[in-house]
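Working notes, structure below.
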Amino acid sequence: MSAPLKIAFAGFRHGHIFSLYDLARASDELEIVAACEGHDETRAEIQKKGTAEITHDRVDKMLDEVDCDIVATGTYFARRGPVLIKALERGKHVIGDKPLCTAMDDLDRIAALAKEQDLKVGCMLGMRDSGQFSGARDLIQSGRIGAIHAIAFGGQHPLLLGSRPDWYFEQGKHGGTITDIGIHAIDVLPWITGLQWAKINAARCWNAFAPKAPHFEDAGQMMLEMDNGCGVLGDVSYFAPDKAGYSMPYYWRTTFWGRDGVIETSSTSSDIQLLGKGDEAVQTAPLPQSQKGGYLRAFLDDIAGKAPANGLDTAAVLHSTRQVIRIQQAADRNEREVEF
């Protein structure tokens, strides 16, 4: 077995990054060699809880001092692009929590550096790994409900005012609710259906539940078109009730309308519901096994020159990120009928 790849972590401002840290710590293929957090309060909390072993308080210093193969980041959203660029410029593979970045200029630079140096880019996009959505994919790809002509998805999240990190509500650090949450659907729906995004009919973000931070647009909706004409309606607002939040039955509820039937599931469903054109009652399909940390497996396979089983290679990560940033731009600029 080859020596483990050395991974350094640059930023822990969002809790998602700890799941990657834990996966890396448990992996025989990775060795954590450094961890940096420059925000004093966050660093103190991590050290108090022992959730990561912090070695540095400045990213540049860590990158200059530490020999590593991979840099991972979970800093606040708008800073992720610059951090990944610094790492790529030093010849490191990179992986980030979603969104990978929030600015198109940053994404262009990330893509250029990765191509120039044959470096790989990963992202913590976990919906391809869930049994609910991989199961829906299996049914749709097998032709169970025919050609897909309409999709509706609800990615509503709880806002959790008072416990969500303060930087969400600080101007310039978040980068947009569609970029933040919508990336999951923008990435997974083409993978499930085999279709590609074609057009942004409309997109809108606005402030609804966070009036004390009027610049924070906590609501996000979109109307999109896929390349066969399939219409897609999506809502990724921070409107879910705080207590039930991520456990509610509507969390990532997604409905696929095909010529020969309809499929519906959600991230919390225990099965997949199916109603074919000849069915009198709803049928249920069992879930295939979820692949915990499949995004990391995909990234490591990509580095090793293997095709990831879930298709989440560098090209897919960059493509999905580019598309979701473009939708966010359409919302911010009040654009309509925009070709991808």
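Centroid-to-centroid, using Cα positions, segment 268-340 and segment 25-103 are 25 Å apart. The value of relative contact order for segment 6-141, using C-alpha pairs under 8 Å at least six residues apart, is 22 percent. Per residue, the chain reaches -9500 deg cm²/dmol at 222 nm when only DSSP H runs of four or more residues are counted, each adding -39500 (n - 2.57). Per residue, the chain exposes an accessible area of 44 Å² to a 1.4 Å probe, with every protein chain left in place.
For the set GLU37, GLU280, GLU116, the ranking by accessible area, highest first and with no ligand, DNA or RNA atoms included, is GLU280, GLU116, GLU37 under a 1.4 Å probe. (1) 64, 60, 48; (2) 59, 42, 38; (3) 64, 53, 38: which one is Cα extents along the principal axes in Å as calculated from this entry? Working out Cα extents along the principal axes in Å from the coordinates points to (3). Of all beta bridges that DSSP places with both ends in segment 1-149, some 0 percent have antiparallel geometry.
Modelled spin-label separation between GLU335 and GLN117, with each label point placed 7 Å from Cα along the Cα-to-Cβ direction: 3.0 nm. Along the Cα-to-C-beta direction of ASP105, a point sits 7 Å from the Cα; which residues of segment 49-86 have their amide N less than 13 Å from that point? Taking a point 7 Å out along Cα→Cβ of ASP105, the residues of segment 49-86 whose backbone N falls under 13 Å are 82. Taking packing as the residue-averaged number of other Cβ atoms within 10 angstrom, the listed peptides 14-21, 129-136 run from highest to lowest as 129-136, 14-21.
Which entries of LYS6/LYS115; LYS6/LYS92; LYS49/LYS292; LYS48/LYS212; LYS86/LYS120; LYS61/LYS92 show an alpha-carbon separation above 19 angstrom in the structure shown? Before the final figure, lay out each step's value.
Numbers: LYS6/LYS115 21 Å; LYS6/LYS92 10 Å; LYS49/LYS292 24 Å; LYS48/LYS212 30 Å; LYS86/LYS120 14 Å; LYS61/LYS92 15 Å.
The pairs that break the limit, which is 19 Å between Cα atoms, are LYS6/LYS115; LYS49/LYS292; LYS48/LYS212.
Counting only protein heavy atoms and using a 1.4 Å probe, what share of the accessible area of the chain belongs to carbon plus sulfur, as a whole percent? The partial results should precede the final answer.
Values: 7180 of 14960 Å².
C and S atoms contribute 48 percent here.
Relative to the longest principal axis of the Cα atoms of the chain, the long axis of helix 131-141 makes an angle of roughly 50 degrees. For segment 88-129, relative contact order (Cα pairs under 8 Å, six or more residues apart, normalised by length) works out to 56 percent.
The values are calculated or read from the model by the stated rules, or taken from the named source; none is laboratory data. None of these values were measured; they are calculated from a predicted model. Note: ideal-geometry Cβ built from the backbone for every residue, glycine included; neighbour counts use all protein chains shown. Only protein heavy atoms, including side chains, enter the accessible area calculation; ligands, DNA and RNA are left aside. Shrake-Rupley method; radii C 1.70, N 1.55, O 1.52, S 1.80 Å.
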